Amino acid sequence: MEKFGKSQSVLRTEDNRFLTGSGTYIDDSTPPASLFAYFFRSQVAHAKIANLNVDDAKKAAGVYGVFTAEDLEKNGVKNDLVGVTVKNRDGTDGACPKRPLLAEKRVRFVGEPIVLVVADSIPNAKDAAELIEIDYDDLPVSIDLAVGENTIHPEAPGNVAFEWDLGDKSKTDAVFKNADQVVSMEVYNNRIIANSMEPRGCYAQWDNERLHLSFSGQGVWVHKRFASEILGLQVEQIRVTNPDVGGGFGMKAMGYPEEFVVSFAAIKLKQPVRWMSERTEAMLSDNAGRDLKHFAELAFDETNKIVGYRVNTFCNLGAYNSRFGQNIQTGLFSKVLMGVYDVQNTYLNVLGIYTNTTQVDAYRGAGRPEAIYLLERIMDRAARELKVDPLELRRINFIKKDNFPYQSSTGEMIDVGDFDRVLTAAEISADIKGFQRRKKESGAKGRLRGLGLCYYIESILGDPSEEAKVVFEEDGDVKIFVGTQSNGQGHETVFAQFLSDQTGIPTEKITVVQGDSDLIPNGGGTGGSRSVTVQNNATLAAVEKVIQAFSQYLSEKLGVDVENIEFDDISFRIKGSNYSPNVLEVANMACEDQRFDLLTHSAKATLDARSFPNGAHFAEVEIDPDTGFVQVVRYSVVDDFGNLINPMLAEGQVHGGVAQGIGQALYEHVVFDKEGQLLTATFMDYGMPRAQDLPYYKFETECVPSTANIMGMKGCGEAGTVGALAAVANAVQDALWEIGIQQVDMPFTSEKIWSMINSSNLAAE
């Protein structure tokens with residue numbers, strides 16, 4: 001049996017239903033006669049609730065129920081959505097203020113849910129919500145990413161949720177004191193909204209014994225546990241499912257108040273209840289991404305070798321802890337703190353700050369894009385100050401091929417890498433030698449042209465364990481049950497393809513079953529670029545059980561020693577015989593012999609270590625000085641993803657990731673006014689990348705197989721975004737540097753760039 005896929009670009013089987021409108025999303029799968037849920041939300045960012053009267057709303061036409069925090073408490077519901085906390089520098093726990101499902105006595109951000117209205121239609125639910133009487137006593141609003149005076153939670157004086165650090169501060173400080181040169185830079189990472197094509201939604205159904213919660217998400221098992229704890233049900237009383245999901249990007253991995261309040265309503269009313277977010281509602285309530293400001297420093301010796309790295313970060317948590325909000329910019333950020341560079345003296349200090357804004361959590365990459373963006377921005381700044389070619393500076397500091405396995409300064413064991421080889425391939429692919437010619441051509445048109453490089457690395461995250469179950473049906477079809485959850489990445493295709501590669505079973509005979517806690521006992525869901533690597537590791541283990549069991553069965557049936565039976569990934573070969581049945585033929589024989597014990601095989605497998613995708617992104621931009629308009633005109637990627645199962649799907653993941661990175665770099669930016677009102681709550685106000693904004697992507701791979709898993713694979717789902725941010729930013733900085741602009745921060749909107757150019761021109765006069 002081969003240990004990895006055959007690397008064939010197979011078309012996505014899911015597209016047959018997605019592109020013909022036959023996908024089954026939340027809105028397509030809700031039970032008949034479901035009631036409609038509508039959330040009455042806070043219109044102010046920070047206030048005491050002086051008065052809340054829902055009596056008229058309860059009497060409105062079509063209303064079945066109106067529920068407040070008081071109703072949750074009366075019915076034994078735990079009105080608290082707990083998030084993970086980190087340890088402070090002094091060893092104490094980070095702040096853990098209560099996050100109510102429905103606000104009680106106080107609201108802390110615009111969009112916080114206060115009341116749930118359930119009616120026979122959305123119009124009736126909205127009409128009833130209009131009858132809710134609420135009076136606020138306004139409190140001071142804090143939206144600045146800084147230690148503040150207007151405390152949002154008593155548990156967090158000055159709005160400091162935690163102060164976390166990693167590394168030997170005194171040793172790193174000493175290195176900086178003796179450094180030949182120090183380069184420093186302030187960098188801001190703009191807040192963004194995920195804006196998945198399908199907004200969040202859910203339905204809940206109660207049959208007097210069990211709850212069925214279905215939601216648009218990235219896994220079912222965390223929600224099952226949360227529902228048990230919040231609603232006071234036994235775990236066995238809860239079934240959680242994910243149907244087809246129209247994009248997640250980390251935002252849909254977390255539990256949200258709506259899912260559990262809707263579940264409560266379904267139990268209370270003894271009818272199915274459905275909720276679907278509207279776009280502005282999503283912008284107000286979905287976890288946002290990024291929102292950081294950094295002060296970073298690199299220390300160099302006389303040979304331009306980095307000897308130390310210091311980072312001080314302020315990260316915005318929003319009004320409450322989201323599920324992993326505290327961990328994203330601490331533990332996950334630190335996993336790739338020093339990127340691909342051989343530096344052991346590092347120190348990271350992070351202050352988590354509460355503000356009267358929506359919560360902040362994972363967004364495609366979850367801490368790694370933020371870390372790499374900062375590092376690659378300051379690497380480019382250092383190259384300019386040291387007057388060294390940016391590529392050469394990186395090569396000087398790369399972890400060398402012969403130094404792997406390599407333990408990073410933050411404790412990560414990187415198994416393999418050949419960064420110089422990848423960068424060299426990227427130089428050729430991007431035609432770096434031709435850049436000056438292209439720059440002159442742009443100049444002739446009155447345009448500024450810039451070239452930007454990002455060399456990124458990321459680590460796959462999440463549970464390293466997964467389970468797979470292979471079931472041979474009596475009709476000759478095969479089902480594989482997986483613990484991950486597709487959000488449009490093509491997992492159904494890849495998992496079927498991999499099982500086919502290892503067994504010879506035609507892919508059209510294989511059905512992938514996912515997203516159902518009743519059918520799959522455990523699973524890690526999707527996120528952290530883990531799915532294909534971790535799930536296929538489990539599939540390999542299950543296939544080994546199949547082959548062992550089928551070989552033993554053939555041994556007994558044919559009267560030959562099991563040692564004389566071999567499997568070649570397609571058929572069983574019996575030494576001394578021309579008889580060579582394939583897997584499906586053996587399964588059929590077992591079925592005819594009533595050996596149903598041979599038709600189901602499960603296995604759980606755990607990866608011994610993480611893998612580390614890496615690669616080089618080159619972006620070229622043109623800037624029109626008269627308008628400030630920035631256009632990405634060339635984009636080239638060379639990635640090291642290890643062994644690939646389906647190169648076309650890997651390329652598609654990179655394309656999508658780069659699009660999201662370009663979107664953040666050029667267009668996307670969440671803006672709140674001083675009162676905490678969201679000013680970018682529609683697509684009229686919030687910029688999103690469109691097809692016309694994106695260049696042709698040139699994509700290639702340089703394979704350095706991982707040793708951290710038997711398949712030699714590395715994840716690819718988030719790599720595009722990790723690399724794109726700094727590549728585009730460095731390209732913009734390169735274009736503007738020649739006219740004296742030495743500091744730019746995302747997003748590079750036309751208005752911002754035009755203003756900077758004109759300010760620079762005035763200063764020069």
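The values are calculated or read from the model by the stated rules, or taken from the named source; none is laboratory data. Worth saying up front: this structure is predicted, and the values here are computed from it rather than measured. No Cβ is skipped: glycine too gets one built from the backbone with ideal geometry, and neighbour counts run over all protein chains shown.
Against the condition outside the structural domain of Ser531 (by TED's automatic domain parsing), part of a helix (DSSP H, G or I) and more than 18 Å from the chain's Cα centre (by Cα), how does Val704 come out, does it pass? Even if it seems obvious, please write down each step before you answer.
Numbers: outside the structural domain of Ser531 (by TED's automatic domain parsing): yes; part of a helix (DSSP H, G or I): no; more than 18 Å from the chain's Cα centre (by Cα): yes.
The answer is no for Val704.
In the set Glu473, Glu508, which member is surrounded by fewer than 23 Cβ atoms within 10 Å (Cβ to Cβ) and more than 27 Å from His212 (Cα to Cα)? Walk me through how you get there before you give the answer.
Working: Glu473 fails: more than 27 Å from His212 (Cα to Cα).
One residue alone meets the criteria, Glu508.
Out of the residues in the range 319-353 meeting the condition of being among the aromatic types (Phe, Trp, Tyr) and over 22 Å from the mean Cα position of the chain (by Cα), tell me which one is nearest to Arg368 (Cα to Cα). Walk me through how you get there before you give the answer.
Step one: list which residues in the range 319-353 are among the aromatic types (Phe, Trp, Tyr), which gives 320, 324, 333, 341, 347.
Next, from what is left, pick out any that are over 22 Å from the mean Cα position of the chain (by Cα): 341, 347.
Numbers: Tyr341: 15, Tyr347: 16 Å.
Only one residue fits best here, namely Tyr341.
Does the range 388-402 contain at least one residue that is farther than 30 Å from Asn195 by Cβ and modelled with pLDDT under 95? Full working, then the answer.
Taking the range 388-402 and keeping what is farther than 30 Å from Asn195 by Cβ, we get 388-402.
Next, from what is left, pick out any that are modelled with pLDDT under 95: none.
Within the range 388-402, not a single residue is farther than 30 Å from Asn195 by Cβ and modelled with pLDDT under 95.
Here are Val336, Val388: which of them is closer than 22 Å to Pro613 by Cα, among the β-branched types (Val, Ile, Thr) and either outside the structural domain of Lys305 (by TED's automatic domain parsing) or assigned to a loop (DSSP other than H, G, I, E, B) (or both)?
Values: Val388 fails: closer than 22 Å to Pro613 by Cα.
Just a single option satisfies the conditions, and that option is Val336.
May I ask you to list the residues in the range 157-190 that are more than 19 Å from Val311 (Cβ to Cβ) and in contact with a Gly (Cβ under 9 Å, 6 or more places away or on another chain)? Spell out the reasoning first.
Filtering the range 157-190 down to residues more than 19 Å from Val311 (Cβ to Cβ) leaves 157-159, 178, 180.
Gly158, Asn159, listed by residue number.
Regarding Gln653, is this residue modelled with pLDDT of 95 or more, in a helix (DSSP H, G or I) and under 21 Å from Gln489 (Cβ atoms)?
Working: modelled with pLDDT of 95 or more: no; in a helix (DSSP H, G or I): yes; under 21 Å from Gln489 (Cβ atoms): yes.
Taking the combined requirement at face value, the residue does not satisfy it.
For Gln489, are the conditions met, namely being crowded, with 20+ Cβ neighbours inside 10 Å, in contact (Cβ under 8 Å) with a residue 24 or more places away in the chain, within 24 Å of Phe18 (Cα to Cα) and in contact with a Phe, Trp or Tyr (Cβ under 7 Å, 6 or more places away or on another chain)? Reasoning before the result, please.
Working: crowded, with 20+ Cβ neighbours inside 10 Å: yes; in contact (Cβ under 8 Å) with a residue 24 or more places away in the chain: yes; within 24 Å of Phe18 (Cα to Cα): yes; in contact with a Phe, Trp or Tyr (Cβ under 7 Å, 6 or more places away or on another chain): no.
Considered against the rule, which asks whether it is crowded, with 20+ Cβ neighbours inside 10 Å, in contact (Cβ under 8 Å) with a residue 24 or more places away in the chain, within 24 Å of Phe18 (Cα to Cα) and in contact with a Phe, Trp or Tyr (Cβ under 7 Å, 6 or more places away or on another chain), Gln489 comes out as no.
Would you check which residues across the range 373-396 are farther than 15 Å from Phe419 by Cα, of a type in the set (A, V, I, L, M) and touching a strand residue (DSSP E or B) at 6+ places or on another chain (Cβ under 8 Å) and list them?
Leu374, Leu375, Ile378, Met379, Ala382, Leu386
Looking at the range 329-350, I want the residues that are of a type in the set (Asp, Glu) and have a partner that is part of a loop (DSSP other than H, G, I, E, B) with Cβ atoms under 6 Å, at least 6 apart or on another chain. Which pairs are those?
Matching pairs, first to second residue: Asp342/Ile399.
Table: residues versus (1) more than 23 Å from Asn190 (Cβ to Cβ); (2) buried (at least 24 other Cβ atoms within 10 Å of the Cβ).
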| site | (1), (2) |
| --- | --- |
| Pro272 | yes, no |
| Ala282 | no, no |
| Gly289 | no, yes |
| Phe300 | yes, no |
| Phe314 | no, no |
| Asn321 | no, yes |
| Ser334 | no, yes |
| Gly339 | no, yes |
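Inside the range 1-114, counting only helices (runs of 4 or more DSSP H) that do not spill past its ends, which hold 1 or more residues that are at pLDDT 95 or above and either buried (at least 21 other Cβ atoms within 10 Å of the Cβ) or not β-branched (Val, Ile, Thr) (or both)? Give the steps one after another, and end with the answer.
Values: elements: 15-18, 26-29, 55-58, 69-74.
Fully inside the range 1-114 and qualifying: 26-29, 55-58, 69-74.
Has the range 486-498 got any residue that is part of a helix (DSSP H, G or I) and either polar (S, T, N, Q) or on the phi > 0 side of the Ramachandran plot (or both)? Spell out the reasoning first.
Taking the range 486-498 and keeping what is part of a helix (DSSP H, G or I), we get 491-498.
Those left that are additionally either polar (S, T, N, Q) or on the phi > 0 side of the Ramachandran plot (or both): 493, 497.
Yes, that holds for at least one residue.
Name the single residue, out of those in the range 228-250 being touching a residue at least 40 places away in the same chain (Cβ under 8 Å) and not in a loop (DSSP other than H, G, I, E, B), that is surrounded by the fewest Cβ atoms within 10 Å (Cβ to Cβ).
Taking the range 228-250 as the starting set, the residues that turn out to be touching a residue at least 40 places away in the same chain (Cβ under 8 Å) are 229-232, 238-250.
After this cut, where a residue has to be not in a loop (DSSP other than H, G, I, E, B) as well, the list is 229-231, 238-241.
Working: Glu229: 15, Ile230: 24, Leu231: 21, Ile238: 22, Arg239: 18, Val240: 27, Thr241: 19.
Ranking the qualifying residues of the range 228-250, first place goes to Glu229.
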